[in-house]
Every structure is written in structure tokens, then in C-alpha cells.
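The values are calculated or read from the model by the stated rules, or taken from the named source; none is laboratory data. These figures come from a predicted structure and were not determined experimentally. Cβ sites come from the backbone with ideal geometry, for glycine too, and all protein chains shown count toward neighbours.
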Ligand SMILES: *Cc1c(COP(=O)(O)O)cnc(C)c1O
């Protein structure tokens, strides 16, 4: 494959954009080489500026669950755009998407729309602090909740990739209110509650982390967190930016039968446009401005184009009774195939999967938290990534990322992927 134009474009981009990208993990820093510039996409495929074609396992980091340029979503955006793109007033569509989201997800009465997952998590924590009148939060090492200050502490994903545990610019004052816990370790969480009695406003967690690879929660871990929160007057925030509308209609709350007090959304809920949202019980959500004292706002929040894309996406997911089982079957098929060929080639690996989230770790031991995720062999991953790319398979350029399966993938695509991984495994 030739990457002439991509390389040229990257040189140009670097002159005017820091690192040539608008989000760090796009830059291929942890795998080496230059990023490829995408020109267009359709269904399960990406086409780059040099006219190379790829099967896409990133899918815009999650949103394109039905494939790229999905026609009903594209048409909804086009029709809406003709009528004006922003008014700064309420619109009927915002109520319609809110009603639909509330009907699909358990335990939520009200939802507020914002412009990104970062905003959703940041606002959810402010709301939890305002509601409980406490300052501290617990987050888990390796979980990513966007780039707002309180979360940039052992935050997985791009940050782990670059080995920066903390970002300059986050003040000590902010960092001291974020307590770090180990995922899947309930005793560790209990000890934090004991040391900080009546001070913890919220636990924020990715119920199925996807930002240190995919990490399945151990049986009863989430329900034990629920119980701890209830005992301590602490709110449980599920960051479902990745899992929401992906693992099930009602996300991880539905899949694991555990109630969150506030749930955060992003990615799928925007159908590929910039959307985030946070939702919860009425008494909590009514604490938000203009009803309550906790301030939160946004000039383009609930933007008509974004709402049109998101609404159409949710309608599609809501009306297809088989969608989540179909996604799971495809991902399980891929898992089985990769497991077989990596085993046959005597590679040390672990595959983690929940529903349509899957990650391959180059370590033979169980991967259940950030520490164990870090044991993966990054040199093997780099080679794996670049060899797959040469074969037209685009996985995330970091060992700490989950692959997102889209319904647009055919079994031929999956077979080609498994066959390619077999060939690549022979070179590792
Ligand atoms: C992507 C992601 C975010 C941040 O969303 P942005 O839209 O990138 O701001 C937050 N939490 C989780 C779990 C995510 O995967």
C-alpha cells in the first residue's frame, strides 16, 4: 500500500495543528509511523486519500454501530440542514429524542444533551457534587471519562499510551478530590470509603471499561459498588459513553441489572455527530439549572443536526429487535476465529469481549484491570497493527483500545480478518 498523499497531508497538518491531529490517539504515536488520512467511508469500510480500502474496526471509536454513512441517518441530517442549523431556542426534536432515550434506558426519567462525552461526565460529576454537597469522587485507574481536569488521573487510553499519568495544567487542588481505585477490586473501594467518611459525592466508572482494552467487570463487582453507594449516601455514575446503546438498548444498566444514579452518554447516541448526554432520576436531574442550583449550559447543545442524527440512530436501534444479539454473534465469531489462529501460532494472548466490544492483549495472563492491561507486549502489538494495516484492516493504533464491531461487517469481512490475523501471527 502507498501512503503518499496521507504522508504529505500529515506534513501540512503539522504546520498548523499541534501534532497534526485534533485528538492525540489519532497520531499513531504509540505504534510509530504516520496516521492515514481518510477521505470517505461507507458501511464497514474506510477509504484513504491514497485510495486504499480498509475494513474498519474503530468505527469513529464507537458511534458508527450501523456502519459509515448509514443512509437513514445521513438523510435525516440533510433534511434537517435545509431548515437551518442552529436557533438557540428549544426545538420539538429535543423532546422527541429525550422521550425515546428515556424509554430505551432503565432508571432514567430525564436527560440533558451536551456536545461530547467529556462534557457529559464533567457535568454529571458537578451535579453529583451539588446534589450530595460533597467534594470527593472515586474513579478507577485506566478508566477514561473525557479530558476534563478531575479525570486526568490514571486515565487510560491516549494517556496510558503516552505514559503520562497526569497532565500538566491539572492543579493539585483538583487532583486531591479524585480518589483512585483499582477496577474489579471491591475491597480497595471499601477502604477509600472508610478513609473518607461522608466525603464521597460519587463513584464514576465505565461499567465495562473500553479505554484500557475491554475489561469485563467481575460478577457482583458493579452490584457491590451499588450497595456501597447506598450505604454511604454516594451517587453511582455509570459512564456509558462507550457502552450506552451498544451493549444493549439500556446499555450496561440493562445488561448487568445494576441501577446507576446518573448515566453518561456519547458516541452512539449522536449517530456520528458531536453529542453527549447525561441522565438520571427526576429528583437528581431537577437539581440542574434552570430548575435547580447546579449550573450547566451550551450554545450548541441539542443542536438540530446533532439531534436529527442521534434520533434517527436511536430509532433504528430501537426498532430492530435483533440488532444487539446480531452484533454479539458477529463479535463472538471474530473472537473464536482470532482465538483459534493465535493459539495455532503459539502466540501469548488474552482476548476480552463483552457484547460487541473486544480487545486482543498480547499477554497470556488474565487482563482484569489497568495493571494487568499494562503487561501486554507493546512491541508485538505494534507489529500486529502495522501488518494488519498493510492487509487493509484498520484497528485502533494503541494496545489500550477496544475494537468496535459494526453491524455493517459481513461474515466475509470477518473471515478475511481472521485469515489475515493468521498470516500476521506467523510473522510475530
Ligand atoms: C470517548 C469517551 C469519553 C469522552 O467522550 P468525548 O466525546 O471524546 O469527549 C468519555 N467516557 C468514555 C467511557 C469514553 O469512551
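A few comments on the model shown:
Yes/no matrix, rows are residues, columns are (1) touching a helix residue (DSSP H, G or I) at 6+ places or on another chain (Cβ under 6 Å); (2) within 24 Å of residue 120 (Cβ to Cβ); (3) within 15 Å of the ligand (Cβ to nearest atom):
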site: 169; (1), (2), (3): no, yes, no
site: 172; (1), (2), (3): no, no, no
site: 176; (1), (2), (3): no, yes, no
site: 185; (1), (2), (3): no, no, no
site: 195; (1), (2), (3): no, no, no
site: 198; (1), (2), (3): no, no, no
site: 202; (1), (2), (3): yes, yes, yes
site: 206; (1), (2), (3): no, yes, yes
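- Scope the stretch 90-124; condition within 16 Å of the ligand (Cβ to nearest atom) and in a helix (DSSP H, G or I); matching residues: 117, 118, 119, 120, 121, 122, 123, 124
- Of all residues in the stretch 208-224, those satisfying the criterion of being within 16 Å of the ligand (Cβ to nearest atom) and outside any loop (DSSP other than H, G, I, E, B) are 211, 213, 222.
- Boolean, residue 372 is at pLDDT 95 or above, assigned to a helix (DSSP H, G or I) and under 26 Å from residue 206 (Cα atoms): yes
- When the strands (runs of 3 or more DSSP E) confined to the stretch 9-71 are screened for residues that are surrounded by fewer than 19 Cβ atoms within 10 Å (Cβ to Cβ) and touching a strand residue (DSSP E or B) at 6+ places or on another chain (Cβ under 7 Å), those reaching at least 3 such residues are found at 38-42.
- Pairs are defined by a Cβ separation below 7 Å, a sequence spacing of at least 6 or placement on different chains, a first member in the stretch 101-130 that is at positive phi, and a second member that is surrounded by 19 or more Cβ atoms within 10 Å (Cβ to Cβ) and part of a helix (DSSP H, G or I); the pairs so defined are 107/253.
- Here residue 308 does not fit the description of being within 13 Å of the ligand (Cβ to nearest atom) and either touching a residue at least 40 places away in the same chain (Cβ under 8 Å) or closer than 13 Å to residue 107 by Cβ (or both).
- Any chance residue 132 is modelled with pLDDT of 95 or more, assigned by TED's automatic domain parsing to the domain that holds residue 265 and within 9 Å of the ligand (Cβ to nearest atom): no
- Test for residue 235: is it touching a residue at least 60 places away in the same chain (Cβ under 8 Å) and within 15 Å of the ligand (Cβ to nearest atom): no
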